[in-house]
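The values are calculated or read from the model by the stated rules, or taken from the named source; none is laboratory data. Because the structure is predicted, anything quoted here is derived from the model rather than measured. Cβ atoms come from the backbone with ideal geometry, glycine included; neighbour counts cover every protein chain shown. All accessible areas refer to the heavy atoms of the entire protein, side chains included, with ligands and DNA or RNA removed. Shrake-Rupley method; radii C 1.70, N 1.55, O 1.52, S 1.80 Å.
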Amino acid sequence: MHNFNAGPSMLPEEVLREASAAILNFNNSGLSVLETAHRTRPIMDVMEEARALVKELMLLDDDHEVLFLHGGATTQFMQVPMNLLHKKDIAAYADTGVWSSKAIREAGYFGKVEVVCSSKDRSYRSIPKDFALPNDARYFHLTTNNTIYGTQWHQIPDVSVPLVADMSSDILSVQRNFNQFGLIYAGLQKNMGCAGASVVIVNRKWLDKIPVKISPIMDYRNHIREHSMLNTPPVFAVYVSMLTLRWLKAKGGISEIEKINQQKSDMLYAEIDRNSLFVNRVDVTDRSRMNVIFELTDEKLTSDFTQFTTERRIYGIAGHRSAGGFRASLYNALPLSSVEVLIEAMQDYEKRVQAK
Ligand SMILES: *Cc1c(COP(=O)(O)O)cnc(C)c1O
């Protein structure tokens, strides 16, 4: 199958094979990875290796701690302001789509939120360019890749307050200076594993300044102290993530996968722009390299095209239920050859429609 699903999404076959084997017999222990106690050496090693690989691949400095926590990115919409935003504090947010709007709403439960820029009036087809932040903002939150609308921040704005980023759908796909961020979070199920947990990367120095008490299980500092083992961690999700990180390292790391991601998305956008049947309405400079959205110029062909692609084992290209159209997610694990199959299907479909 050519799996273009937006999330949970495709994983490398090697990862699936190794994870399957470990479900039956983990590290030749005769036990399943699912039935091994978390405070034993082999599982602690998995937790440690996963965190170390994130640090290594993202070139993080010693101030940045890596946590694997229960819950999805949506949980982080709440946990971030719970830790960092207190009553009279102001947080600045960029509104670039459904996920940012949800993050904005959650932050409102904890402090004052200022939406400093929004592309809502442009139907989220662009990334805001000119905006100002309040000097006293605790942080500025942005969603680096907008999974539903197919836009991406290709340039991270240079701001004077700590940056917080939801990188759920482009983490590990593109090299950035990750040390410039105060906090980064991402659900694992899009580009780095299976569903059930999130990675949180946080600058420890920044947390030292928080005087407030919150529920201990929500407090990042406790998770740092306990090395993501404050309670039973999401062992299997972290294990699959560790395998995915190993796979990425073997591929040459982020800078190598970035080249392939660039190639995959360039090819697909070129076809959408060439093909008379399809259109992408996102500002060209803001197009996402991970989630490529496109529409049929003649909407009536939607179910026919869907069937046409299904026959070629192309899976998961329906647009998000709130956006419609089509979306091809080109995460790290999706091979270039699958993009070629999709492009060929689009070309053949154009010929078929033109022949009628
Ligand atoms: C998928 C997604 C989310 C939601 O993730 P959950 O793990 O389902 O909570 C949040 N932000 C972005 C950018 C996403 O792509």
On each of the three principal axes of the Cα atoms of the stretch 13-250, give max minus min coordinate, whole Å, ordered largest first. 58, 38, 28
May I ask for the equivalent-ellipsoid semi-axes of the stretch 225-277, computed as the square root of five times each C-alpha gyration tensor eigenvalue and listed largest first in whole Å? 37, 15, 9
Among Ile156, Ile257, Ile171, which one shows the highest mean-square fluctuation when the chain is modelled as a Gaussian network with alpha-carbon springs under 10 Å? Ile156
Separation of the stretch 9-34 and the stretch 81-147 by C-alpha centroid, Å? 39
Tell me, what HN-Hα J-couplings in whole Hz come from the Karplus equation 6.51 cos²θ - 1.76 cosθ + 1.60 at θ = phi - 60° for each residue of the stretch 221-230, using x for Gly and Pro? 4, 5, 5, 5, 4, 9, 6, 6, 10, 5
Report, by chain and number, residues whose modeled amide H sits under 5 Å from the one on Tyr139, excluding near sequence neighbours (fewer than 5 apart, same chain). Ala92
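Take the eigenvalues of the Cα gyration tensor for the stretch 253-355, scale each by 5, and report the square roots as semi-axes in whole Å, largest first. Please list the in-between numbers first.
Values: eigenvalues 100, 44, 34 Å².
Equivalent-ellipsoid dimensions as semi-axes: 22, 15, 13 Å.
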List the DSSP H helices in the chain whose Cα atoms stretch 27 Å or more along the helix axis and whose mean Kyte-Doolittle hydropathy is at least -1.0. 254-274, 336-355
The chain - accessible surface per residue (Å², probe 1.4 Å): 44
With labels modelled as points extended 7 Å from the Cα through the Cβ direction, what inter-label distance (nm, one decimal) is found for Thr232 paired with Lys209? 3.9
Between Lys351 and Asp273, what is the label-point separation in nm under the 7 Å Cα-to-beta-carbon projection? 2.4
